[in-house]
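Peer 1: Below: one structure in structure tokens.
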Amino acid sequence: MKTCPFCGSNEYIDIRKINVYNYMLCNLPVKEEPVQMKIYTCKHCGLGIYHDYLSDKELEDIYNNYFYPFHYFDNPNISWYNDFDVDFIAKHIQTEDSKIVELGCHDGFFMDLLQKHASLQGKHYKNLLGIEPSPNADIGIAHGLKIEKNFFKENYFPDNEKVDLFYSSHVFEHIKDPFTLFNNMLVQLNKNGKIIIIVPNFSGYDITHYYYYSWPFFEKMAEKYGAKIIDAKITYSSLRQIEELKIVFSKKNAEYDEVKCPFDMHFIIKHEKEMQDKLVSEFLDGFQLIKKFVENKEVVYWYGTASYYLVSYCGLLSKRKVKYNIIPVDNEQNRQGFKIPYCSAPVELLKDFSNQVLDNMVISEIDKETVIPLLKKYNIKINNILYSKF
Ligand SMILES: [Zn+2]
């Protein structure tokens, strides 16, 4: 048994295997089928660990081709972005001159949301910087944001310049050595500076995640590096359909009061099992609706290939021997022609159906706001649409 990379223990709490569906990567032949992943939860520190993580090459393929289904700057005003708790970040910013750094800022959408939020109060953050190594950084740069296409590391800023606020949303679970990263942030933090880390609250199972975090674990992590937790919040994200954990750290000797975690690791695991059961039952309810909609129909188009629920539902239809003919459709050029497991044909482009009437289409609720205008744009009429929860 491999040791816990945080505390070195090799004793784990057994919390059942979890079914996840891999991204539809035909260039990763062994990874296109549903997989079971086992999350080990360290008995001593509570860190959830996925020991069998993908190779760097596989992760890079996923990040570059599939990982980000949203294109913020194409649709900056849709309601998805209400899901991002800009208030929570903003209330921890002291002044307009504060040095604010987002780690893993992607295309800079959160930075843009933060500036919009400030402008509502007649403010503008003058020292807001994003650091992002992927090609997505170019999108934000092209939209005028200050993003450095780089990895954050020790002594990153010249002249020993210190940061007032680091924040990072849904990044920490994707990093192989988050502990060194945390320490590097802490060392480059002002005396009363803050670090905000937003992650799934233990859950959010995904093959690209190395670790699963909880508030009790973060307390141990803070202690180890000479930090403390000064604010925390757990909320349900309707966009991601998971609970999110938002933790604010400062240096141990900063002027803020420490906030103590009100529950322990055993509570987290019990709660997590209940959440998983709820998700499974919602998934199966959704399956009944989809089965009724697709069974014995000549053809059903399914819009949106970024969600693994397409594979999940088609896999289950196939397993239950339901007669169906599902053709996946997407608006992303780079997905055209991909063969998705359990679907009847490769991915077609939405615009190729311009000026046509289609009988049946499944659209995920999450895509609704972006698809409706596209259907209008391409003059596509759909007689029956099923909006799927997932
Ligand atoms: Zn541990």
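The values are calculated or read from the model by the stated rules, or taken from the named source; none is laboratory data. Since the model is a prediction, treat every value here as computed from it, not as a measurement. So basically every Cβ, Gly included, is an ideal-geometry build from the backbone, and we count neighbours across all protein chains shown.
Peer 1: Does Ile327 count as under 30 Å from Asn77 (Cβ atoms) and not assigned by TED's automatic domain parsing to the domain that holds Tyr205? Before the answer, list the steps.
Peer 2: On the way: under 30 Å from Asn77 (Cβ atoms): no; not assigned by TED's automatic domain parsing to the domain that holds Tyr205: yes.
So Ile327 fails the test.
Peer 1: Which count do you get for residues in region 255-294 that are within 25 Å of Tyr236 (Cβ to Cβ), among the aromatic types (Phe, Trp, Tyr) and in a helix (DSSP H, G or I)?
Peer 2: Taking region 255-294 as the starting set, the residues that turn out to be within 25 Å of Tyr236 (Cβ to Cβ) are 259-290.
Checking which are among the aromatic types (Phe, Trp, Tyr) leaves us with 263, 267, 283, 287.
Among the residues that remain, those that are also in a helix (DSSP H, G or I) are: 267, 283, 287.
Selection size over region 255-294: 3.
Peer 1: Another one. Looking at region 295-324, which of its residues are assigned to a loop (DSSP other than H, G, I, E, B) and not small (Gly, Ala, Ser)?
Peer 2: Here is the first cut: in region 295-324, the ones assigned to a loop (DSSP other than H, G, I, E, B) are 295-299, 304-308, 320-324.
The answer is Glu295, Asn296, Lys297, Glu298, Val299, Thr305, Tyr308, Arg320, Lys321, Val322, Lys323, Tyr324.
Peer 1: Regarding Pro200, is this residue modelled with pLDDT under 95, surrounded by fewer than 19 Cβ atoms within 10 Å (Cβ to Cβ) and at negative phi?
Peer 2: In short, no.
Peer 1: Can you tell me which residue in region 9-45 is farthest from the ligand (Cβ to nearest atom), limited to those that are at pLDDT 75 or above and charged (D, E, K, R)?
Peer 2: Only one residue fits best here, namely Lys38.
Yes/no per residue for (1) free of Cβ contacts under 8 Å to residues at least 40 places away in the same chain; (2) assigned by TED's automatic domain parsing to the domain that holds Lys194; (3) small (Gly, Ala, Ser); (4) within 15 Å of Cys105 (Cα to Cα):
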| position | (1), (2), (3), (4) |
| --- | --- |
| His117 | yes, yes, no, no |
| Gly122 | yes, yes, yes, no |
| Leu129 | yes, yes, no, yes |
| Ile139 | no, yes, no, yes |
| Asn150 | yes, yes, no, yes |
| Lys162 | no, yes, no, no |
| Ser169 | no, yes, yes, yes |
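Peer 1: While we're on this one: Being surrounded by fewer than 16 Cβ atoms within 10 Å (Cβ to Cβ), more than 21 Å from the chain's Cα centre (by Cα) and aromatic (Phe, Trp, Tyr) is the requirement here; does Phe293 meet it?
Peer 2: no
Peer 1: Going through region 367-386 one residue at a time, which ones are loosely packed, with under 14 Cβ neighbours inside 10 Å, in a helix (DSSP H, G or I) and either at pLDDT 95 or above or touching a Ser or Thr at 6+ places or on another chain (Cβ under 8 Å) (or both)?
Peer 2: Glu369, Lys376, Lys377, listed by residue number.
Peer 1: Taking into account only those residues within region 329-349 that are among the aliphatic types (A, V, I, L, M) and in contact with a helix residue (DSSP H, G or I) (Cβ under 6 Å, 6 or more places away or on another chain), which is modelled with the highest pLDDT?
Peer 2: Val329
Peer 1: So, one more: Restricted to region 210-253, and to residues that are crowded, with 18+ Cβ neighbours inside 10 Å and part of a loop (DSSP other than H, G, I, E, B), which residue is modelled with the lowest pLDDT?
Peer 2: The extreme case among them is Tyr210.
Peer 1: Among the listed residues Asp61, Asp85, Asp74, Asp56, identify the single one that is more than 16 Å from the ligand (Cβ to nearest atom), surrounded by 18 or more Cβ atoms within 10 Å (Cβ to Cβ) and of a type in the set (D, E, K, R).
Peer 2: Result: Asp61 is the single residue among Asp61, Asp85, Asp74, Asp56 that is more than 16 Å from the ligand (Cβ to nearest atom), surrounded by 18 or more Cβ atoms within 10 Å (Cβ to Cβ) and of a type in the set (D, E, K, R).
Peer 1: Which residues, counting only those in region 354-390, are among the β-branched types (Val, Ile, Thr) and either farther than 19 Å from Glu298 by Cβ or in contact with a Pro (Cβ under 7 Å, 6 or more places away or on another chain) (or both)?
Peer 2: Passing the criteria: Ile366, Thr370, Val371, Ile372.
Peer 1: Let me ask something else about it. On the basis of being more than 16 Å from the ligand (Cβ to nearest atom), touching a helix residue (DSSP H, G or I) at 6+ places or on another chain (Cβ under 8 Å), at pLDDT 85 or above and not assigned by TED's automatic domain parsing to the domain that holds Tyr342, does Phe6 make the cut?
Peer 2: On the way: more than 16 Å from the ligand (Cβ to nearest atom): no; touching a helix residue (DSSP H, G or I) at 6+ places or on another chain (Cβ under 8 Å): yes; at pLDDT 85 or above: yes; not assigned by TED's automatic domain parsing to the domain that holds Tyr342: yes.
Considered against the rule, which asks whether it is more than 16 Å from the ligand (Cβ to nearest atom), touching a helix residue (DSSP H, G or I) at 6+ places or on another chain (Cβ under 8 Å), at pLDDT 85 or above and not assigned by TED's automatic domain parsing to the domain that holds Tyr342, Phe6 comes out as no.
Peer 1: Residues of region 354-366 being acidic (Asp, Glu) and out of contact with any Ser or Thr (no Cβ under 9 Å at 6 or more places or on another chain), which ones?
Peer 2: The answer is Asp359, and nothing else.
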